Amino acid sequence: MENKINFDGFIQIGICVKDIETAAKTWANLFGVPVPEIHYNPPADDPNLTYRGKPAKYGLKAANVNAGPFVIELFEADENDSTFKEYMDKHGNGVHHLGFAVGDKRDAVVKELEEMGYDMRTVGFYPGGSWTIVDSEDTLGVNLNIKPKA
């Protein structure tokens, strides 16, 4: 790869769970930190969110456990099609992705990964940033989340 992913950009471990309340309490207890707040994003029409190249509309519960230099992100998917539901249907609880901040190289990294044959599972844009879930389970054992910044 010309635009390599730098280990210094490692920012997150994304984990899909069936019961986010239990998972959040258990992770917090394990690390001796406060139980993270659980946020619910209901299904909404969002032109900045796609799943498998089509507009996405799904609900998601999420919580972040701060783990020093990175974050453990917990996700509980609803019944609508999403990268998180796809993962849960296939694997159950487990590590959905590793996240990397690549700065201004984000578009170049994503393009190179596409050229290497990786599908972009989910692309989302929000004010000041974006996230792209790269479907790399079959070769890497986990998906990648490519972001310009943490």
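Computed over protein heavy atoms with a 1.4 Å probe, the accessible surface of segment 1-59 works out to 69 Å² per residue.
Modelled label positions at residue 115 and residue 140, each set 7 Å beyond Cα in the direction of Cβ, lie 1.7 nm from each other.
For the chain, with all protein chains in place and a probe radius of 1.4 Å, 53% of the accessible heavy-atom surface sits on carbon or sulfur. Put a dot 7 Å past the Cα of residue 64, heading toward its Cβ, do the same for residue 90, and the two dots end up 2.6 nm apart. Using a probe of 1.4 Å, the accessible surface attributed to residue 38 totals some 60 Å² when neighbouring protein chains are kept in position.
Annotation for segment 19-83 versus segment 103-150: alpha-carbon center distance of 18 Å.
Within the chain, which is the longest segment containing none of the GluC sites (Glu not before Pro) that sit in a DSSP loop and have at most 13 other Cβ atoms within 10 Å? Result, exposed sites excluded: 80-150. For a modelled paramagnetic label at residue 48, 7 Å from Cα along Cα-to-Cβ, the residues of segment 111-130 in reach, with backbone nitrogen under 15 Å, are 123-130. Calculated on the alpha-carbon coordinates, the convex hull of the chain measures out at 114 cubic angstrom per residue. Dipole orientation for segment 1-139: of the candidates 134, 11, 116, 11 has the Cα lying most toward the positive pole (charges on Cβ; Lys, Arg +1; Asp, Glu -1). Annotation: extensible slack from residue 126 through residue 108 equals 4.6 nm (criterion: 0.36 nm per residue apart, minus Cα-Cα distance). Model label points for residue 37 and residue 57, set 7 angstrom from Cα along the Cα-to-Cβ axis, are 2.8 nm apart. Can you pull out the trypsin sites (Lys or Arg not before Pro) in segment 12-63 that DSSP calls coil and that have at most 11 other Cβ atoms within 10 Å? Answer in residue order: 18.
The values are calculated or read from the model by the stated rules, or taken from the named source; none is laboratory data. From a predicted model like this one, the values you see are computed outputs, not experimental measurements. We place every Cβ from the backbone using ideal geometry, glycine too, and count neighbours over all the protein chains shown. Side chains are part of the model used for accessible areas, which takes the heavy atoms of the whole protein and leaves out ligands, DNA and RNA. Shrake-Rupley method; radii C 1.70, N 1.55, O 1.52, S 1.80 Å.
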